[in-house]
Every structure is written in structure tokens, then in C-alpha cells.
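Contents: one structure, followed by commentary.
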Amino acid sequence: MIFGIDNFSEGAVSKVAEIALSSQIEDSDKLKVDVSTDPASLADGTLDAMVIHGEGLVLKKDLRIAEMKVSLGKISINPLKAITGNLELCEPTQGTAHIAIAEADLNQAFNSDYLEEQIEDTPVATDNQESTLDIDKMTCHLLQNGEIAIEAIAQISPSDATQSFEFISQPRIREDRRGIVLENIRYQNHSEVPPELTDTILNKATQLLDLSTFEMPGISLELESLQVTQGQLILDGIAYVTELPS
């Protein structure tokens, strides 16, 4: 996409950014980029602000994001390359990120083929013999009190025994601020669960709730806060941008 000087505007830059970002995601219900600047600043390659707002985004790993908003402050771009449709940053920038994930979308991701392949045939010790387990179904409940409840059904081979269990956990931001871990596990209904099964479930949750799941090339995230409400997980943090998709 090439623009002339007369139609090189904040609206044109917004459209370039939308097209570039669309190429980096698998699907979306809505994707909009709003750039704020003035003609003089734009001619010098300065954008006063950029807001990326998406709804129903699918970036990777089959996880649908109900809402994602990245707000950036002043950005310096190469104006000559921008005219040709290439938004090249002159220097890294940062802003804020807001992500909302619905319970239904989280459950769909937990039961996706991608995660199943990562943890299938987990070795466990049952009745003094080596066995393997596969998780047939996993259901997550985001509770009003800020906790996360998980129900799972597992198939143990070679006995073909089925085991179901439920636990409640407390989500916490990882030390590296790159994701969420579940801790303070409390089993319900006096479940007796092999520790390997618990580890498998927790590893599955950790993989899914790693911030790399929500990132696009050139944009990395650092988590500052999380909130669990009835049916929704809300994440807020810092967005570090080294390049914009082209």
C-alpha cells in the first residue's frame, strides 16, 4: 500500500497498522487501530498515540481472547517507509495492555488438540505399576471470589480406568511476570488423586496462561495484575514494542 503526501494522514496510518496486525492473527470479530497525531508531527514521523483494540481474537494455541487493548504513547516511525505502507519504529516504545478472557473460551482452549498433544500419555504410578493417563475432558470455572475451580476426567491405561476429580485453586502472577500459576490446591469431595495427575493439570494451565499465548511478533507483555470475576479472567500489564507487524 503506497500513499501520496496529500493522503498520508493518521487515518491512513491506522489502516496500515490494521492490515499488518490482521496478518498476524488467525481470526477476529473486530480489530481496530486508532492513531492520534497532527500533520506536522506525522511529517516528522511522530505519532502522539496508538490504540490497538481487538475483540474475539485468536492468536495461537486455540485460545480466543474476548477483548485485548494495547495503548501506546508517543511513537517514532520512519515517515518515508510509512508512506509505502511499512510502519518501521525508529526506537522501541511501551504502553499498557488489557486482556479479558471468557470462561467458555478458556474451556475450549483447555480441551484443544494443541494442548492435548503436549500432555498426552503422562506416566503415572498406580497400584505399584507403571501406567499412563490422558485427560479426556477438563472444565474450568472462574469464581466470583477470585478463585479458579477445575474439574477433570482422566483415562488411565492400560487398565482403562476412568478417574474424575475437582479442585479449587488460587491464581497468582508468576515471579517473572510472564504468566499465571495455580496454587493452594484444595481437592473437593475427598478426591484421592495421583500427584502426577495434579502436576499434569497444573502444567496444562501454566502453558495456556503463559503470556506468549497473547503476544504478536515485536510485542512482548509483562503482567502487573490479574482479576478473576464470575466467568471472566482479566489481565493488565505492560506492553513492550520493538517493532510493528508489517
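The values are calculated or read from the model by the stated rules, or taken from the named source; none is laboratory data. Quantities reported herein were computed from a predicted structural model and do not represent experimental measurements. Neighbour counts are summed over all protein chains in view; Cβ atoms, including those assigned to glycine, are modelled from backbone coordinates with ideal geometry.
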Reported set for the stretch 154-186 where residues are over 22 Å from the mean Cα position of the chain (by Cα), within 21 Å of A109 (Cβ to Cβ) and surrounded by fewer than 14 Cβ atoms within 10 Å (Cβ to Cβ) is S164
Subset of the stretch 198-225 [in contact (Cβ under 8 Å) with a residue 40 or more places away in the chain, surrounded by 15 or more Cβ atoms within 10 Å (Cβ to Cβ) and assigned to a strand (DSSP E or B)]:
I219, L221, E222, L223
Looking at the structure I just gave you, is Q230 in contact (Cβ under 8 Å) with a residue 40 or more places away in the chain, exposed (fewer than 14 other Cβ atoms within 10 Å of the Cβ) and farther than 30 Å from L89 by Cα?
yes
All conditions in (1) at pLDDT 90 or above; (2) among the hydrophobic types (A, V, I, L, M, F, W, C); (3) not in a strand (DSSP E or B) are true of A82 except (1)
I need the full set of residues from the stretch 169-197 which are farther than 19 Å from I101 by Cα and either in a strand (DSSP E or B) or among the basic types (K, R) (or both), in order please.
E183, N184, I185, R186, Y187
Would you check which residues across the stretch 15-57 are in a helix (DSSP H, G or I) and surrounded by fewer than 20 Cβ atoms within 10 Å (Cβ to Cβ) and list them?
K15, E18, I19, A20, S22, P39, A40, S41, A43
Being surrounded by 14 or more Cβ atoms within 10 Å (Cβ to Cβ) and in contact with an Asp or Glu (Cβ under 9 Å, 6 or more places away or on another chain) is the filter here; which residues of the stretch 236-246 pass it?
D236, G237, I238, A239, Y240, L244, S246
Out of everything in the stretch 92-118 that is in contact with a Leu (Cβ under 9 Å, 6 or more places away or on another chain), at pLDDT 75 or above and not in a strand (DSSP E or B), what residue ends up being surrounded by the most Cβ atoms within 10 Å (Cβ to Cβ)?
L106
